[in-house]
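For reference, the structure is listed below as structure tokens.
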Amino acid sequence: MEHRIDRELDEFRRIMEVPSTFEEGFRWSALFGAIFVALLMVPGAIYMGLLAGTGIGSAAQWVTVILFIEVARRAHRYLNRSEIFVLFFMAGSMMGAATTGGLLWQQFFAQSDAAAANGLVDQLPLWWAAPIESDSYAQRTFFHLDWLPAILMMVFGSFAGQLSNVVLGYGLFRVASDMEKLPFPMAPVGAQGIMAMAEDIEAKDAKTAEDSWRWRVFAIGGALGLAFGAIYLFLPVISGALTGTAIQIFPIPFSDFTGQTGLYLKAVATGISWDFGNIITGMVMPFYGMVGSFIGLIVTVVANPILYNHGILSNWKFGDDTVSTLFKNNIDFYFSLHIGIAVAIALAGIYQVARSVVRSRRTRRAPAGGSKRSSWKDVPPGRGDIGGWAILLCYFLVTSAYTAVSIGLLMWHHGGWTTDIRNVLIVLLILGFFYTPLVSYVTARLEGMVGQVVEVPMIREAALILSGYHGVAVWFLPLPIANYGTMTVFYRQCELTGTKFTSIWKTKIILFPLILLSTIFFMNFIWGLDQIPSVAYPFAQRMWELNAANSCIMYSATMGEFSMFEQAFNIVYLGFGAVFGVVLFGGMQLLGAPIMLTYGVVRGLGQSLPHSILPQFVGALIGHFYFKKRLKLKWRQYIPVVAAGFSCGMGLITTVGVGVTFLSKAVIKLPF
Amino acid sequence: MSDEPLSLNAAARSAADLWRLNESRMDILRAKGILDSSLAEMHGRSEDILLEAARPDTPPMRREALVTTSFWASRPVYQKVRAMLDDLVFAVLILLGLSVPFAFALERVLIGATTIYKQIYWFVIFFAATFLILYLSHPAFAIANTPIIIFLGFAIVVMSVMVIFIIMRKFEYELKAIQGMTATVHVNDVSNLSTFMAAMQMGISTMRRRPMRTALTAITIILLTFTILCFASFGTQSGIVTIFAAPNPGYSGAFVHNVNWNPLSEDLQDIIRGRWPELTVCRRLWVSPATQDNPGLLMSRPDASRPVTVRGILGIEPAEIARRPDFQEHFGDLEANTVLITEAVAGALGVAAGDEVLLRGRRLRVGRLLDAVQISAAKDMDMSSILPADFTEASSSSQPTAATLEGNDEEMESMSQRNWASLPVDQVAVVTADTAKAIGASLFALTVYTADSTAAVETAENLARILPFPIPATRDNGVYRHLLGTVLKASGARDLFFPIVLGGLVIFGTMLGSVADRKKEIYTFSALGLAPRHVATLFFAESMVYALIGGLGGYLLAQGTLKVLGVASEYGLLRVPEMNMSSTNTIATILIVMATVLVSSVYPAIKASKSANPGLMRTWRPPAPVGDLMDLVFPFTVSQYDITGVVSFLKEHFGNHTDTGLGQFMTSEVKLVREANGDLGLDARLALAPFDLGVSQTFVLRSTPSEIPGIDEVRVLLHRLSGQPKDWQRLNKVFLDDLRQQFLIWRSIPPETMEHYRQQTLEALPSLGGLGDGRRQG
């Protein structure tokens, strides 16, 4: 069966060929794009987030790219695909930075009722929020000496985070893509969209209409997204804004049947997500991955009632809805099981990497054998690669800096060295030098195989609580914990669009200060407009106090009170997960089952999104047995572009909806 | 005012807070030169009252009354100031919205940059300049910074819509491409929007070619806007409005009641007494059923026999009876424990004057029996009956409440003039106010008696300033209702009519002159293929630019002038009238001017489009059918040589419509034919869209020789097969237009393509071989 695995992997890898030349994408267009996003999109996004709670990220990206292409076209200049990619990526990272609560959340939390009620206000470290007696709160400004430590920490955190993300992500990409030749099924979705834009431009140049199929497919996907988005998101948003009652034809986020089916299926979350995007995702993803997910889902449907009857899923009660069912199941069993499975995935990955290294050595000895796996040094020329030692050095330095800064801050906060700090140091070292590389690598592989992210939920919380630290300061440290695995997809897209990696790094270096400045400046400006939260920001007003209360529950876990994490962490289940994972991988390997099937099963066992697995499976079936039969290999090329267009269309229509709500609710009238 | 808290009681606190809130808001308005002396006066009165209340020697009761009246007096100020500020924020949003096309138009007219980068660059500069002027001059930015953010949100929505538009355009194009309808020559690929944009660019470039004329016209409109703005921007003034209600009664005073006879607060009497101790304030209490199913009050003899139900109770203060001669006559012997009833009620009870009765368990002596006729006719000063209103007559749900009426002068006035049905006198018992209170009556009216009408007027005006309903009071020449309302309305449409007509005529003249000037140009455009509609667009575009530049330019000029005048007045050089250049009124004015400019270019634009196409009718009308047959000669002539190609060209076009979906018709059985006499033609069966109407027909096209040798006429015969005759006629108009377009396109395709189609015909009908050539020679 080995050949079959390779066939599907190959099919995905062949959707888009890596171009032979790589171009520089960082030009003036990127800088102007950055200024455009910084001045127009960032404040709008922050404000809309506070007001309506919805980000406009992906739509903002497409709006920026399509408008820039249009303007350039009118100037008879044509952006090449690298420029478009850089523009797209730049807009994305700026919007990502803009939508988080950041300083606005910090100032709110410091003043929140929840923090006061839990006695956290005096314990909040200076590097996270200005002391409550600071007059910056009365003046509503971050440009105040009391906020300097917090802003410096924000700068340090984002700088170190970006640096290690870019560099370690690159290293993982080299391993997962260059060496292991994993297909990265989701990478073409973003890349194909950009290719569509670029191809349209090129077609206008050369009048090669037949070749520019991507724009056509993108436009069809876009229209599909607009049409579905109009019913699924725009209608409820608009009707809610104008009449006060949201008309939902398809329930958002899903229809929940758990309350009814709980009688027969104990501790199983049942329901269905009506988002048409799931069907499309199912078509894009590897077929066997989707089959595996479905099998995983079936396994949970069978296993959960048994686990419930054996008292393992003990917290579940009849009548619980999806959210509480999943939450309780996680606490009771799946949290530990997943950590175990993650370990197994990592082991499997390491085994495969090791095997590939051995094989490549053998291949070198016997040049006639045509293995697919390559060595570290095999890189396409002109891509702008850097040496392996630089990656390791950078990662080591960044992680050490994180650890040193964190311990330094703790010593500053406590006025000296304590055993608590020693424990935290041990935890930081484990997180930074063991957990982060492990989870990043596992994610890189999962992304590479089935386009999935492995998330071990609450690991940060668990680690900090298990460290035995007393106090809350530890929650606000810049921890060396991250998942760089997702960056591999990004680098794969970069490669597929023929963008030199150096242009990405240049963009980061130039744009980083711009992003920070515009975010801090506009957050300050928006805080200056009005108290946050206040009646002017209905979403923040409604949700933030609740979020603060939830955060306080977690923070109080290190203040010597009961914590559910201790309850959730079960070494037996963890071991079971690891053994199960290893057996699963080994068994599948022996049976010769497609590798994506295995990863799919792991994904299906996850308690994160059971309601979307069914529509995704339906999508996979339709794609595999209908479209693929009709369109052959073209299908694999078409569907990622459709998906990109679909997400663009959905994003745009949502943005319009949110914008209209925003305008209708915006404080055109004085609140009193 | 001192910052010390006046006292710890809530009324004082609220009054001071409301005053301060008003003060801070009016401060912003003052700083931006938006003055309203009447509001300032009301605000000042409220402050005076507060100051008096804060004086240490003020007795507690009076202090309470003072702070409450101050709160009430601040309320209209609060409402008006808040409305004004909301209005400003709204206005600035529209101005910001207008400044986008304004900046665009300025760039086009003043700079006319050739590359898009320079266009964007200049656009940004003009927009920033406009924004800066607005930011510095418009008070909305001082009230809230949200307009900037709102504007950003607006920009994001607009850009998203633009991108949606781009994607949808592409989608439509691709959809047509899938149907194979784009690559052929049959589509006249002229989108309305791009033609409109091109026409607009041309219009603007002609403006640039005649700078003097353009500048003068623009200045005229700017000045016009400025003038009209000055007319329209005088703020309204609040003050006491008086409306005649009735002739004078025999006493002087004021009458306080809700317009819809809702109960009054019991404290109102205390507050009026506390504030104006010299006045006599008398209560009027009623019991009056609100719904039909209310049984009313039981009245019986002391031994509970012969019970009678009365529906209402009227409570009158003895002090009031003493002040009013008519009351003395009717209710002269009303005392604390007496009840006055009509003869009919007394008869039903079997009692006479002096007997005792039980009214809701209370033992009362029957006083002198009432004269039903006289009591029914008795009126208060505003001609309302003295008897309790019958609420069951007027469905309570349909009555607006006092709160909804507040601020709506006209509605309130019409309400107060309504005649309310009163309870029949035979269903009402009259007692003293105290007794009525004890029985459970509510306060419905207060009568304030004054020494003379001067005092009455003063009282009424004072009360009207604090109470949200009209106060009838006696004046020297009758009873008038007093209401806090708008006394000066300078921004009425009538005042603006003539300046606007004048401005419209100026534009009209300019545009008409421009059409006359540019006859030759129009012919050139038309020769270049610009349709009459597009020529009209050209003129519209021009007037739109004038409208934009004139509208917002005039506004900015007015704001600037006001600013300069404000500075000058600070040095005492002159006195500036109160003008509000920032309100929605002003915006409406700008929009009216802009609309006028556009409307006045309608006729010149039509005229221009007519001169673009002098010989032909602008739309061609097919002749009426005879029965189910429409036989028409198409308004096109084709050379006998060309017709050989035309039929194949049309066949191909019809062939593209064999599939339903897009398009205005569906075809089947399309074939080329040749008559025995050699005339070429095309036959087909057609179904016309929308297909659910079921209209189908046969289509026969024949070339017939015309009067001119070598030139053929095109004859079309349409025979209805199904569908309603009216639908058939209507839908054919669309179809024939499409066909006409194909003939137009035929003329624009290159000769080699024409030859290609000719060859197709020759191949399809081989017997024609040599015919075409022969005809050509012929």
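The values are calculated or read from the model by the stated rules, or taken from the named source; none is laboratory data. This one's a predicted model, so the numbers in the text were calculated from it and none came from an experiment. Note: ideal-geometry Cβ built from the backbone for every residue, glycine included; neighbour counts use all protein chains shown. For accessibility, only protein heavy atoms count, side chains too; no ligands or nucleic acids. Shrake-Rupley method; radii C 1.70, N 1.55, O 1.52, S 1.80 Å.
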Looking for something at pLDDT 85 or above, touching a Lys or Arg at 6+ places or on another chain (Cβ under 8 Å) and in a helix (DSSP H, G or I) - is there at least one such residue anywhere in segment B:84-107? no
Residue ID - surrounded by the fewest Cβ atoms within 10 Å (Cβ to Cβ), chosen from residues in segment B:108-126 that are more than 9 Å from chain A (Cβ to nearest Cβ), outside any helix (DSSP H, G or I) and not aliphatic (A, V, I, L, M): B:T114
Provide a single number: the residues in segment B:691-722 that are open to solvent by 20 Å² or more (accessible area, probe 1.4 Å) and either assigned to a strand (DSSP E or B) or touching a residue at least 24 places away in the same chain (Cβ under 8 Å) (or both). 21
Among what's in segment A:72-90 and is within 12 Å of chain B (Cβ to nearest Cβ) and part of a helix (DSSP H, G or I), pick the residue that is surrounded by the most Cβ atoms within 10 Å (Cβ to Cβ). A:A72
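Conditions (1) over 30 Å from B:C282 (Cα atoms); (2) at pLDDT below 85, marked per residue:
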residue: B:M207; (1), (2): yes, yes
residue: B:M212; (1), (2): yes, no
residue: B:L216; (1), (2): yes, no
residue: B:I219; (1), (2): yes, no
residue: B:F231; (1), (2): yes, yes
residue: B:I243; (1), (2): no, no
Within segment A:590-602, considering residues that are over 28 Å from the mean Cα position of the chain (by Cα) and modelled with pLDDT of 80 or more, the one least open to solvent (accessible area, probe 1.4 Å): A:L591
Only one of B:V281, B:V256, B:V241 is over 23 Å from B:L423 (Cβ atoms) and surrounded by 20 or more Cβ atoms within 10 Å (Cβ to Cβ); which? B:V281
Among B:D773, B:D683, B:D679, which is the only one that is at pLDDT 85 or above and either loosely packed, with under 15 Cβ neighbours inside 10 Å or in the same structural domain as B:V638 (by TED's automatic domain parsing) (or both)? B:D683
Residue tally, condition within 23 Å of B:G239 (Cβ to Cβ) and either within 14 Å of another protein chain (Cβ to nearest Cβ) or of a type outside the set (A, V, I, L, M, F, W, C) (or both), over segment B:46-84: 17
For segment B:28-50, give me the residue count where each residue is open to solvent by less than 80 Å² (accessible area, probe 1.4 Å) and in a helix (DSSP H, G or I). 13
Scan B:A336, B:A353, B:A344 and give me the residue that is open to solvent by 50 Å² or more (accessible area, probe 1.4 Å), touching a residue at least 24 places away in the same chain (Cβ under 8 Å) and assigned to a loop (DSSP other than H, G, I, E, B). B:A336
The one condition A:F12 fails out of (1) buried (at least 23 other Cβ atoms within 10 Å of the Cβ); (2) modelled with pLDDT under 80; (3) within 10 Å of chain B (Cβ to nearest Cβ) is (3)
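Every residue, every condition in (1) at pLDDT below 85; (2) open to solvent by 10 Å² or more (accessible area, probe 1.4 Å); (3) in the same structural domain as B:M200 (by TED's automatic domain parsing), yes or no:
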| residue | (1), (2), (3) |
| --- | --- |
| B:T432 | no, no, no |
| B:A441 | no, no, no |
| B:L446 | no, no, no |
| B:A455 | no, yes, no |
| B:R533 | yes, yes, yes |
Can you confirm whether segment B:64-74 contains a residue that is open to solvent by 10 Å² or more (accessible area, probe 1.4 Å) and over 35 Å from the mean Cα position of the chain (by Cα)? yes
Before we move on, is B:L264 in the same structural domain as B:V545 (by TED's automatic domain parsing), open to solvent by less than 40 Å² (accessible area, probe 1.4 Å) and either part of a loop (DSSP other than H, G, I, E, B) or over 23 Å from B:E335 (Cβ atoms) (or both)? no
Go through segment A:507-555 and give me each residue that's among the basic types (K, R) and crowded, with 18+ Cβ neighbours inside 10 Å. A:K508
Flag for B:T220 being open to solvent by less than 30 Å² (accessible area, probe 1.4 Å) and touching a residue at least 60 places away in the same chain (Cβ under 8 Å): no
Matching residues in segment B:127-150 (open to solvent by 30 Å² or more (accessible area, probe 1.4 Å) and more than 7 Å from every other protein chain (Cβ to nearest Cβ)) number 11
Let me confirm something: among A:Q111, A:Q123, which residue is of a type outside the set (S, T, Y) and modelled with pLDDT of 85 or more? A:Q111
Which one of these does A:E133 not meet: (1) modelled with pLDDT of 90 or more; (2) of a type in the set (D, E); (3) surrounded by fewer than 16 Cβ atoms within 10 Å (Cβ to Cβ)? (1)
Against the definition (within 14 Å of chain B (Cβ to nearest Cβ), within 27 Å of A:T655 (Cα to Cα) and surrounded by 17 or more Cβ atoms within 10 Å (Cβ to Cβ)), how does A:I69 come out, yes or no? yes
Which residues, taken from segment B:505-531, are within 34 Å of the chain's Cα centre (by Cα) and buried (at least 19 other Cβ atoms within 10 Å of the Cβ)? B:I507, B:F508, B:T510, B:M511
Subset of segment B:372-382 (residues that are charged (D, E, K, R) and surrounded by 15 or more Cβ atoms within 10 Å (Cβ to Cβ)): B:D380, B:D382
